[in-house]
Amino acid sequence: MEKMGQTGFIIDNWQVSPAEGILSRDGKVVHLEPKVMEVLVYFASRSGEVITREELEADVWRGAVVGYDAVTKTIIKLRKALQDDARHPRCIATIPKKGYQLIAPVLFSTDNEQSVTQENISSKKLTRQPAKRKAGLISLVLLFFVSAYWLLVASPDILNTNITKSNIPAILVLPFDNLVADRQHDAFVDGITEDIITDLSRLSNLFVFSSNTSFQYKGKQVTPQQLRKELNVDYVLKGSIRRVDDSLRLNVQLVDTKTNFNVWAERYDRKVDEVFAIQSELTQQFINALTVKLTSHEKQQLVTRSTLNLKAYDHFLSGQRISKQRTKESNEQARIEYRQAIELDPSYGRVYGALAFSMAVDYRRGWTDTPIETLDRALALAEQATLLDINTPQTYWVLGYVYMMRKELDAAERAAKQSIAIAPNYADGYGLLALINNHHGNAEKALKLIKKGMRLNPYYTWDYPYNLGRAYYSLGRYEEAISVLEQAQERNENVMPPKLFLTASYMKAGRIDDAQWLVEQILVLTPGTTITHLDKTTSIDNRKLKKVFLDDLRQAGLPE
């Protein structure tokens, strides 16, 4: 492989130059990260073979302990660079139960060879070695237990990259740059970015991309034209923040992606404790620059702030940053920050919601010895959050989530709807509402809701295609369900819901071997998974749908 790392080759018309780390075709040059190039070279060295994850980890990662997401994200990046489609692959195919296979012909060249034409490539026959079946279940167990936490794999949409929108302006807020060397201020800068996104998401006459999509571009050099091409975005809001002692400087620009000209720019030099006033002014000047029409309710929302206490705000942001580690310990540490914020500002509704969510996470992941009491406490906190803050979509989202955990789906649906009523561009609100409707068995409605969420959040996490797959399964569109559920599984190999519905979809599609193998995988990861357990714990309240789902799993071999 080391020798091949210096050798150029051609695949699917792409000229690959490992030494330079680039692909080139038709005048277009694509730069690959070193690990992505290593994987491509490794695939080329074993063209036509089925390569398992274990082999990739041993040979490319050289035995380092990595989570499933490390391999998955690398494959996704490689497919994107090659402009390949996971559903209809030309280059890299996913082989269920086994691994990956480079299916495109590869032609190697050396310094002494002449350039290779497309005719040469077309006439070159690919020699394939017999695929080797490896169970890989032992490695799967090891990887599962050494993972410190579950990572949500957020990569560009490989299912549908054409983001459609109406004739209202589409806005992307790029993560603001932190101009201070002290990285402790990152949470503060990111928090302001997210607050601005939340403010703009409340406006019905804008199409605002989610913060999850925005933060995919953090630290990356991208041009407005690139973003227009990738996301069909009309305007980009970008800026920088310098916080030193009690002084704050914020620079902001609104750029028209079609002309690359500034529509509006401003600089704010204030005291740090005026940050909330700056956010309100910034949002209002943005609205004026685009002459956005506001309803009377939207005007009222924009003048209301969750807190005016800077220290409480800092503790809240610190808790949010810590919670993203998604471990039991980080969840406990985040709660310490949230409680300190509440001590400083007992009326800070958003923090009560964050505290409620942390407890709901404890319940869902089995991190508590008193699950019923934990969920009851989560509900009380979530209700308090909405009483204190009626203008923030996240508080109602948390309330809906807690109700869903309690299997009180009608109440969950009301709360989720309220989060969208507050912020018509709130992608996670559509995602939660879609999940609730899937539990109800309202698949058509769930389908529309999750597609709306995906348009607002094209860099979505595993739960979005999972929701989409569930809807397809309920509608009897099993091949479509399989396609998106496999993508959900690739984005996070450790979560169970996509595996369960993928198993059921395999059974309905007649792919019994695939369903049985997936049941083996489920039982290795979570040995306590049984039909009886799922019957008690699943939130599906449509009896007919629940029976069909459990019967499919039973026929696939899941024990009673």
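Bear in mind that the values in this text are calculations on the coordinates, not laboratory data. Just so it is clear, the model here is predicted, and its values are computed rather than measured. Every residue, glycine among them, receives a Cβ derived from its backbone with ideal geometry; neighbour counts consider all protein chains shown.
Figures for the structure shown
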item: Segment Lys328-Glu373, length gained on full extension (0.36 nm per residue, minus Cα span); result: 14.4 nm
item: Two-site label geometry, Val272 and Leu387: point separation in nm, points 7 Å out along Cα→Cβ; result: 3.3 nm
item: Cα→Cβ-extended label distance, 7 Å offset, between Glu520 and Ile22, nm; result: 4.6 nm
item: Cα-based radius of gyration of segment 467-560 once divided by 2.2 N^0.38 Å, which approximates compact folds; result: 0.96
item: Contour minus Cα-Cα distance for Gln226 and Asp245 (0.36 nm per residue); result: 3.2 nm
item: Kirkwood Rh in Å, taken over all unlike Cα pairs in segment 170-302; result: 15.1 Å
item: Peptide ranges 349-356, 479-486, 256-263 listed from the most packed, as the mean C-beta count within 10 angstrom indicates; result: 349-356, 479-486, 256-263
item: Estimated distance in nm for a label pair at Arg543 and Ala380, the labels positioned 7 Å out from Cα along Cα-to-Cβ; result: 3.5 nm
item: Most to least packed among 364-374, 390-400, 281-291, 491-501 [average Cβ atoms within 10 Å]; result: 390-400, 491-501, 281-291, 364-374
